[in-house]
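Colleague: Before anything else, here's the structure in question.
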Amino acid sequence: MVLIDMDNTLADLAGTWLHRWGTASSSPLSLSTIHSYRIPRCVPTAAAQHFAATIRDPEFFRMLPPLPGAIEAVSTWLDIGIPCRIVTDAPSEAIAEAKTDWLNQYFPDGRLAATMVNTSEKWRIQGSALIDDAPQNLWAYHRHHRQAWLATLVWPYTPSSLPPGTLRALDWSALDRWIFRVFSDRLY
């Protein structure tokens, strides 16, 4: 089972928010400004307040674009029998519903939305692999599941110190190749 985070893993939360902030502000920010997974810690106060308000809005999550290659890769995995489950942290029922709607929009057969688990403690969910952008989730998963494969997309806030063996992928094509290597013995 491949466990997949949503925000900044499947969906482009940071890029979309930065675009919104740039439209609303006379002081646009760039992705290189985001040097912490916790975005409000590394931006000016007004931007932090804008970010907090934005991520409380379920509609924001419904309209996020997928990261390039994410939908195609995960669809292929599902088509060839690699089991996948979405593990995401939605702070409200309305946001969890918006994330389910997002999954149904991009995976219209419903097979991925049906797997979604809403939790801030992803380490509680059993899987063979975890793909997540949050360093603390990767470390917690490593502590509880030493044999699990771990991967993250490289963001400016991705620290150099991650659990041993964690793939630092530049894009979804690298994640796709990695999953095929990890699951190659189980595919045929």
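The values are calculated or read from the model by the stated rules, or taken from the named source; none is laboratory data. All values derive from a computational prediction rather than experimental measurement. Heads up, the Cβs are rebuilt from the backbone with ideal geometry, glycines too, and the neighbour counts pull from every protein chain shown. Ligands, DNA and RNA are stripped out before the accessible areas are found, and what is left, the full protein with its side chains, is counted by its heavy atoms. Shrake-Rupley method; radii C 1.70, N 1.55, O 1.52, S 1.80 Å.
Colleague: For the chain, report the accessible area per residue in Å² (1.4 Å probe, heavy atoms, rounded to an integer).
Modeller: Details: 8980 Å² over 188 residues.
For the chain, the solvent-accessible area averages 48 Å² per residue.
Colleague: A further question follows. Can you pull the semi-axes for the stretch 42-89, root of five times each eigenvalue of the Cα gyration tensor, sorted largest first, whole Å?
Modeller: After scaling each eigenvalue by five and taking roots: 32, 11, 10 Å.
Colleague: Further question on the same structure: What FRET efficiency would be calculated for the residue pair residue 125, residue 27, taking the C-beta separation as r and a Förster radius of 45 Å, to the nearest 0.05?
Modeller: After rounding to 0.05, the efficiency reads 0.70.
Colleague: Moving on. Give me the distance in nm between label points sitting 7 Å out from Cα along the Cα-to-Cβ direction at residue 41 and residue 97, one decimal.
Modeller: 3.3 nm
Colleague: What trypsin sites (Lys or Arg not before Pro) does the stretch 26-74 have in DSSP loop regions with at most 14 other beta carbons within 10 Å?
Modeller: 38, 56
Colleague: Separate question: List the residues of the stretch 142-164 whose backbone N lies under 18 Å from a point placed 7 Å from the Cα of residue 181 along the Cα-to-Cβ direction.
Modeller: Correct set: 147-154, 162-164.
Colleague: By how many nm would the segment from residue 154 to residue 109 lengthen if fully extended, with 0.36 nm per residue of separation less the alpha-carbon distance?
Modeller: Net length gain for the segment: 13.2 nm.
Colleague: Also, quick follow-up: Using only Cα atoms and rounding to the nearest 10 degrees, what angle (0 to 90) does helix 93-106 make with the longest principal axis of the chain?
Modeller: Between the helix axis and the principal axis of the chain, the angle is about 60 degrees.
Colleague: Right, next: At a 1.4 Å probe, what is the % contribution of carbon and sulfur to the accessible area of the stretch 1-154?
Modeller: That fraction is 53 percent.
Colleague: First check a/c for the stretch 42-188, with a ≥ b ≥ c the square roots of the eigenvalues of its C-alpha gyration tensor; if it is under 1.5, answer rounded, and if not, answer prolate when a/b is larger than b/c or oblate otherwise. The partial results should precede the final answer.
Modeller: On the way: a/c = 1.70, a/b = 1.24, b/c = 1.37.
Note, shape of the stretch 42-188 comes out oblate.
Colleague: Something else: Per 5 Å bin, what percent of the C-alpha pairs of the stretch 138-183 does each bin hold, from zero upward?
Modeller: Cα pair-distance distribution for the stretch 138-183, in percent: 5, 22, 30, 24, 17, 3.
Colleague: Is the stretch 72-128 best put as rounded, prolate or oblate by its Cα gyration tensor, with a ≥ b ≥ c the root eigenvalues, rounded for a/c under 1.5, and otherwise prolate when a/b is larger than b/c, oblate when not?
Modeller: oblate
Colleague: In addition: Note the per residue figure in Å³ for the convex hull of the C-alpha positions in the stretch 1-96.
Modeller: 109 Å³
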